[in-house]
Amino acid sequence: MEITEVRIKLVQDNNERLQAFCSVTFDDAFVIRDLKIIEGTKGSFVAMPSRKLTDRCQQCGCKNHLRARHCNQCGGKLDEDRAIRDADGRAKLHADIAHPINSGCREVIQGAVIRAYQEERERSKQPGYVCTYDDLDGEYEEGAASLTQVVSELGTGNRGTTYRTHGAHTQRGTHNPTTETTTGVGSGRKEEKKTGDFGAGVF
């Protein structure tokens, strides 16, 4: 797998350590967004996209972020030290959505992102600089495969297996009741019996 594109969105100067957001594209086919470049004590590093961890209130069962002091639903007080802590005593408040599973992959991604970040900073100093990170939403719409194309490709796999298309449904019979004429025993009168009614024939 090869990193084919890295896009950077620089963050304006502030007092926080966040330097930029970025997206990484693999093999011109798969993109991961919302990576963060953060200034650390030993230089910049890349933080993977993550979500806030939650737990449930013991009183009402509603989900709350681990930093919440009171339940969003019932207002009950929550234990502030309920988050799991690592070996250094730091509370684990976030979980990565996507991340490398070995150090080699992490180094490749971080190296490519940091190089792109440094290049983006130099480009931002030039007149007429335009950030490309914000233009991602609609870039894959042109030429995108339709549902019919995807299904047809699935039907011609390497195993030579084809899938039958489902025919159109035909109109089913109506549920209009039919009428039968019966003669009452010993009365000589005729009765009409609807055989199409719900429960007909049970009694």
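All conditions in (1) in a strand (DSSP E or B); (2) modelled with pLDDT of 90 or more hold for ASP55, with the sole exception of (2). Within segment 7-35, restricting attention to residues that are farther than 18 Å from SER124 by Cα and in a loop (DSSP other than H, G, I, E, B), the residue that is farthest from the chain's Cα centre (by Cα) is ASN15. Residue-level check: of (1) over 26 Å from CYS131 (Cβ atoms); (2) at pLDDT below 90; (3) among the hydrophobic types (A, V, I, L, M, F, W, C), CYS105 misses just (2). One residue alone among ARG17, ARG33, ARG7 is surrounded by 12 or more Cβ atoms within 10 Å (Cβ to Cβ), in contact with an Asp or Glu (Cβ under 8 Å, 6 or more places away or on another chain), under 25 Å from GLN118 (Cα atoms) and among the basic types (Lys, Arg), and that residue is ARG17.
Residue-by-condition table, conditions (1) touching a Phe, Trp or Tyr at 6+ places or on another chain (Cβ under 9 Å); (2) of a type in the set (D, E, K, R):
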{"position": "MET1", "(1), (2)": "yes, no"}
{"position": "LEU10", "(1), (2)": "yes, no"}
{"position": "GLY43", "(1), (2)": "no, no"}
{"position": "GLY61", "(1), (2)": "no, no"}
{"position": "ARG67", "(1), (2)": "no, yes"}
{"position": "ALA83", "(1), (2)": "no, no"}
{"position": "ASP96", "(1), (2)": "no, yes"}
{"position": "GLY104", "(1), (2)": "no, no"}
{"position": "GLY111", "(1), (2)": "no, no"}
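Output the residues belonging to segment 83-97 that are exposed (fewer than 13 other Cβ atoms within 10 Å of the Cβ) and assigned to a loop (DSSP other than H, G, I, E, B). Scanning segment 83-97 gives ILE84, ASP86, ALA87, ASP88, GLY89, ARG90, LYS92, ILE97. Can you say whether LYS42 is of a type in the set (Lys, Arg), outside the structural domain of LEU66 (by TED's automatic domain parsing) and over 23 Å from the mean Cα position of the chain (by Cα), as far as the supplied structure shows? The answer is yes for LYS42. Please verify whether segment 55-72 includes one or more residues that are over 19 Å from ILE114 (Cα atoms), of a type in the set (A, V, I, L, M) and not assigned by TED's automatic domain parsing to the domain that holds VAL113. Yes, the conditions are met somewhere in segment 55-72. Only residues that are part of a loop (DSSP other than H, G, I, E, B), among the polar types (S, T, N, Q) and closer than 12 Å to VAL113 by Cα were counted in segment 36-52, giving 0. Sub-8 Å Cβ pairs linking a first residue in segment 36-52 that is free of Cβ contacts under 8 Å to residues at least 24 places away in the same chain to a second residue that is surrounded by 11 or more Cβ atoms within 10 Å (Cβ to Cβ) and among the aromatic types (Phe, Trp, Tyr), at least 6 apart or interchain, are LYS36/PHE21; ILE38/PHE45, ordered by first then second residue.
Residues in segment 8-54 that are among the charged types (D, E, K, R) and touching a helix residue (DSSP H, G or I) at 6+ places or on another chain (Cβ under 8 Å): LYS9 alone.
The set of residues in segment 38-78 being surrounded by fewer than 12 Cβ atoms within 10 Å (Cβ to Cβ), more than 18 Å from GLU107 (Cα to Cα) and among the small types (Gly, Ala, Ser) consists of GLY61, GLY75.
The values are calculated or read from the model by the stated rules, or taken from the named source; none is laboratory data. Quick caveat: nothing in here was measured; it's all calculated off a predicted structure. All Cβ positions, even for glycine, are placed from backbone atoms using ideal geometry, and neighbour counts span all protein chains on display.
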